[in-house]
Amino acid sequence: MNLKFHRNVWALGWTSFFTDVSSEIIYPLLPVFLTTTLGASMAFVGLIEGIAESTASLLKVVSGWWSDKIAKRKPFAVGGYALSGLTRPIIALAAVGWHVLAARFIDRIGKGIRTAPRDALLADSVPADRRGAAFGLQRSMDHAGAIVGPLIAFALLTWVTSDYRAIFWVAAVPMVFAVAALVFGTSEVTPERDAKSSAAPFVATPKFKRYLALLVLFTLGNSSDAFLILRAKDLGVADAMLPLLWVALHVVKMCSSLPAGVLSDRIGRKTLIVTGWLVYAAVYVGFGAASEAWHIWGLFIAYGFFFGMTEAAEKAIVADFYPSEQRGRAFGLYNAAVGFAALPASLLMGWLWQQFGVTVAFDTGAGLAGAAAVLLALML
């Protein structure tokens, strides 16, 4: 496997690594912190996670468009990651659920600023026949960070402290390294300017619109992973084991992302995306039917393969749709479509869980994902 890439690919990978170390120290513990320490309801967890993702959506479009307009991606990436880093102390100091909501809101503003320009910079740094591999490497390093983060949380919980707030303070440190890797490791790649496409306005083609519509349909069934953590706790997985469960998930993500990205360069993106969405549907049915704690471990491992098959392919196919100078806007629309659907998805999951029970909630998500997979196979 050829791992020789432009330095931007590796620098962006390290930025993702350290960011996820920070995020994943917090994330597996946050739902429990909200519901037990701060007394938040299940529906409020859905509200926080949905608003957090949807907040970033509009900014992803704006930052993508702006980065195309000025032909610069790096300032947006640096500013976005730096802003997210400032939220770690806010979470550590939170006294009520709304404080966490504010922190997640600010964090997602940072994500909204950085995501589309970062993805466009990555796509611009590699030839077309290696985009899947490049995105696969970035996702693999991202997930490697998501392995290290929960291990740190597990070690701290087991041998140092049971105070979640102290652990959240530790999570601020890796963000310094994340921003440093981006500042010192990346360089601008001026988008290639084709006279014809540069003169033409950006237009969402019918095929791209269909792709975005099916992404929205799938995302409506793809609620926050916070509910998976709560499902694990519901079935008896101990608090101290939650970070290890998260590690198992991300080991599978890390190991499968790069090979699947390379495979998407060879056999096409659609096949992997459809297969991944069907795997997701099956896993969600399993989460609804699970009755023992050990079931959760197997389901989390299977869930990791869904991410490996889809994350790199979904992004690489966006870059395939448009020339370099329009990719900021294309990635902005892609990320916005997913982000806008995140709020109703998480609210729907929280409401269904409270009103009709866990099985109905997870089966609804599975049905939406399965329908999206079938339509993608037929329509795109």
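List of remarks:
- Given (1) under 15 Å from the mean Cα position of the chain (by Cα); (2) under 22 Å from Tyr211 (Cα atoms), number of the condition Gly304 does not satisfy: (2)
- All positions within segment 66-83 that are of a type outside the set (Phe, Trp, Tyr), crowded, with 18+ Cβ neighbours inside 10 Å and under 16 Å from Thr15 (Cβ atoms): Arg73, Lys74, Ala77, Val78, Gly80, Ala82, Leu83
- Among (1) without any contact (Cβ under 8 Å) to a residue 60 or more places away in the chain; (2) assigned to a helix (DSSP H, G or I), the one test that Ser291 misses: (2)
- Segment 153-185, residues that are in a helix (DSSP H, G or I) and either out of contact with any helix residue (DSSP H, G or I) (no Cβ under 9 Å at 6 or more places or on another chain) or not hydrophobic (A, V, I, L, M, F, W, C) (or both): Thr158, Trp159, Tyr164, Arg165, Pro174, Gly185
- When the helices (runs of 4 or more DSSP H) confined to segment 45-134 are screened for residues that are hydrophobic (A, V, I, L, M, F, W, C), modelled with pLDDT under 90 and in contact with a Leu (Cβ under 9 Å, 6 or more places away or on another chain), those reaching at least 1 such residues are found at 88-93, 97-124.
- Selected residue [polar (S, T, N, Q) and under 16 Å from Val78 (Cα atoms)] from Thr186, Thr205: Thr186
- Checking each residue in segment 153-162 for being exposed (fewer than 13 other Cβ atoms within 10 Å of the Cβ) and not hydroxyl-bearing (Ser, Thr, Tyr) picks out Ala155, Trp159, Val160.
- Of all residues in segment 324-380, those that are buried (at least 19 other Cβ atoms within 10 Å of the Cβ), of a type in the set (S, T, N, Q) and within 29 Å of Arg231 (Cα to Cα) total 3.
- Scan of segment 70-93 for residues that are touching a helix residue (DSSP H, G or I) at 6+ places or on another chain (Cβ under 6 Å), among the aliphatic types (A, V, I, L, M) and under 14 Å from Ile106 (Cα atoms), ordered by number: Ala82, Leu83, Ile90, Ile91
- Contact annotation: residue pairs with Cβ atoms under 8 Å, 6 or more positions apart or on different chains, pairing a residue in segment 262-281 that is under 12 Å from Gly136 (Cβ atoms) with a partner that is outside any helix (DSSP H, G or I), are Val262/Met1.
- If the condition is being modelled with pLDDT of 90 or more, assigned to a helix (DSSP H, G or I) and among the small types (Gly, Ala, Ser), then segment 331-368 contributes Ala361, Gly365, Ala366, Gly367.
- Cross-chain or 6+ apart pairs with Cβ under 6 Å, segment 34-45 first and buried (at least 18 other Cβ atoms within 10 Å of the Cβ), then modelled with pLDDT under 65: Leu34/Val45
- Residue in segment 301-309 that is surrounded by 22 or more Cβ atoms within 10 Å (Cβ to Cβ), without any contact (Cβ under 8 Å) to a residue 40 or more places away in the chain and part of a helix (DSSP H, G or I) present: yes
The values are calculated or read from the model by the stated rules, or taken from the named source; none is laboratory data. Predicted model only: the values in this text are computed from it and were never measured. Cβ: placed from backbone, ideal geometry, glycine included. Neighbour counts: every protein chain shown.
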